[in-house]
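I have placed the structure first, in the form of structure tokens, so that the comments after it can refer back to it.
Nothing in this text is a laboratory measurement; each read-out follows from the coordinates by a stated rule. None of the values given here were measured: they were computed from a predicted structure. With ideal geometry, Cβ positions are generated from the backbone for all residues, glycine too; neighbour counts draw on all protein chains shown.
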Number of protein chains: 2
Amino acid sequence: MRIGILGTGVVGQTIATKLVELGHEVTMGARSAGSEKAAEWAAAAGEGASEGSFADAAAHGELLFNCTAGIASLDALRAAGEEELRGKVLVDVANPLDFSHGMPPTLSVCNDDSLGEQIQRAFPDTRVVKALNTISAPVMIDPIDGTNLFICGDDEAAKQEVVELLAGFGWPADSVVDLGGIEAARGTEMYLALWLRLMGAQGTPQFNIAVVR
Amino acid sequence: MRIGILGTGVVGQTIATKLVELGHEVTMGARSAGSEKAAEWAAAAGEGASEGSFADAAAHGELLFNCTAGIASLDALRAAGEEELRGKVLVDVANPLDFSHGMPPTLSVCNDDSLGEQIQRAFPDTRVVKALNTISAPVMIDPIDGTNLFICGDDEAAKQEVVELLAGFGWPADSVVDLGGIEAARGTEMYLALWLRLMGAQGTPQFNIAVVR
């Protein structure tokens, strides 16, 4: 399918490359068309890969991934354009990390709201699915056996579509924990506060958690 | 050893009963001595179990557990008395859950501070160790194989003492993840936002997470 990736960082590049490998037609969008990182990625990824502005990527995609920095996501999505986002599934991979107060970062929104909810409110006709934001980029496309992927969103069909797409990344259906509506993004985003300290304690971001009963 | 339990709820009762079973002398403290719940617990738990005020429990214990509701913990600890807490290890099991805005609860402190840090700042001569706050009471004393216990605190010897005590609860040393100083309480407390939604999705609080690399 045609997929738009908003963001040119490690997360965007990792997901975009995997999607091209899976045979999808992927446009990576940056603040403006012709960005060095997006152009280098498109050249390296080869057939099926292209680059453009946020609006170009959004217009191209039947399904979109928000891989921008969480603190800049709303601006990036506004730049993509409400019309281009309308009716589409938007997989929100971003976390609202705020590095301005030092390390580890805090969240720019949490507790009684979340980035996922902010995006859903700002773009009510877009089908926001929060997913993949609890793991580092390499783990997103190379899941650790037995661990879980957490998703949430208000649109059941959109969640199902995302689960099927991510099965191609290596996430079996029984690894997916559906936490409910987009309000549950508070849970997966606030987990970052623990994730960051687990990364510090272990000295690596290459881990995930398994829910065990 | 002599242990003081602050709080008479399910968490306090579960931990206190386990400690009596392990041969410790346990005093459960409530807002005032002679509370119905603490007296019933002490009668049922038998030899080694007693009850009193927060100050009685703190005076009794060489080591203390804070099992009060997080939103009331600072008041309970002030009632216990700074002198009675001085120099002692205080295992802080509480989460600052605020139910006043409906379900699931929010946190009364998070992101750039935590209850664990508030307690350590309020009682600088007490050796605060945050532990057990990421699991429900039955799981605290009956760990699920392969899952992890997260601890943090500024006093290394205090953490070691707590790890040895909790080994008696069934937590092997290699299940314990030391997240560092008490500042990491932000991580384990904010994880509650995910824990609450995992409980909702699964329909049970009897679970834990395993960190997998």
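Tabulated results
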| read-out | value |
| --- | --- |
| For B:Gly168, inter-copy label distances in nm, listed shortest first [label point 7 Å out on the Cα-Cβ vector] | 5.6 |
| Shielding by other protein chains, A:181-188, mean Cβ within 10 Å | 4 |
| Cross-link reach list, lysines versus B:Lys88, counting only Cα pairs under 18 Å and skipping chain neighbours closer than eight places | B:Lys130, B:Lys159 |
| Charge dipole magnitude, Cβ of K and R +1, D and E -1 - the protein assembly as shown, Cα centre, debye nearest 20 | 20 |
| Size of charge dipole - the stretch A:2-202 - debye, nearest 20, with Cβ of Lys, Arg +1 and Asp, Glu -1, no other charges | 400 |
| Estimated D of the stretch A:2-202 in µm² per second, where Rh is the Kirkwood radius over Cα pairs and Stokes-Einstein applies at 37 °C, 0.692 mPa s | 197 |
| Net charge contributed by nearby residues that have their C-beta within less than 11 Å of B:Arg186 (K/R +1, D/E -1) | -3 |
| Pair B:Ala167, A:Arg213: separation of 7 Å Cα→Cβ label points (nm) | 3.3 |
| Protection proxy ranking, peptides A:200-209, B:10-19, average beta carbon neighbours within 10 Å, highest first | B:10-19, A:200-209 |
| Mean Cβ neighbour count within 10 Å, used as a protection proxy, ranking A:105-111, B:96-102, A:58-64 highest first | A:58-64, A:105-111, B:96-102 |
| Residues of the stretch B:10-43 with amide N under 14 Å of the 7 Å Cα→Cβ point at B:Asp142 | B:14-15, B:18 |
| Cα-centre dipole for the stretch B:157-213 with unit charges at Cβ (Lys and Arg positive, Asp and Glu negative), debye to 20 | 280 |
| Fraction of beta bridges assigned by DSSP in the stretch A:64-132 that are antiparallel (%, nearest 5) | 20 |
